[in-house]
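Every number in this text was worked out from the coordinates using simple rules, so none of it is lab data. Computed from a predicted model, the values in this text were never measured in an experiment. Every residue, glycine among them, receives a Cβ derived from its backbone with ideal geometry; neighbour counts consider all protein chains shown.
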Amino acid sequence: MAYAALTQPTYKPAVRIITAITQSNPAVVTTSFDHGYLPGLIVRLRVPTSFGMRVDKRSGTILSVTNDTFTIDIDTTNKDAFVIPPNQVTPLVDTQTQFAQVVPFGELNSTPKQPVRNVLPY
C-alpha cells in the first residue's frame, strides 16, 4: 500500500507534501496540511522535474513558519515556476505518482527541540 503523507506519523517532524514554492529569496514553501516544523529545522526538498522548479535534493534551514508554510534559506528567484502536474491534483488520493516533498533531517540547535513524538509501541 502506497501513501503520500501521514497526518499522524510515527516520528515527528515528518515528511510533508509540497503544494507551492515561491520564486523568491528566501523561498516560501507551502505544504498540503499543517507541518508542525520549527525555525532551525534542516530539510531537503524532493521535487520531481515534472513540477518545473529545479530544486530537487536542495537542502536548507527553515527561517520562519506559519501553520502550512515555511521560509527556507534557498534562493529560487531565477528558477522556473513550481507547478503541480495535471495528473497530480489530488496528492492524498493518488498512489501511483511521486509528489514534491519536504524531508526533515537535522536541526541547528544544541539541544534537539523537534523530535517530539515517537509512538512506536515498544
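Can you put LEU38, LEU45 in order of Cβ neighbours within 10 angstrom, beginning with the fewest?
By the 10 Å Cβ count, ascending, the order reads LEU38, LEU45.
For the stretch 24-53 and the stretch 63-88, compute the distance between their C-alpha centroids and round to whole Å. Here the answer is 5 Å between Cα centres. One equal scatterer on each Cα of the stretch 12-109, no solvent, Debye formula: the resulting log10 I(q)/I(0) at q = 0.13, 0.18, 0.20 Å⁻¹ is -0.39, -0.76, -0.95. Cβ crowding within 10 Å ranks VAL15, VAL83, VAL43 as VAL83, VAL15, VAL43, fewest other Cβ atoms first.
Given their separation in residues at 0.36 nm each and the Cα-Cα distance between them, THR66 and ILE42 gain 7.0 nm when the chain is fully extended. For the pair VAL83 and SER59, the difference between a 0.36 nm per residue extended length and the Cα-Cα distance amounts to 6.7 nm.
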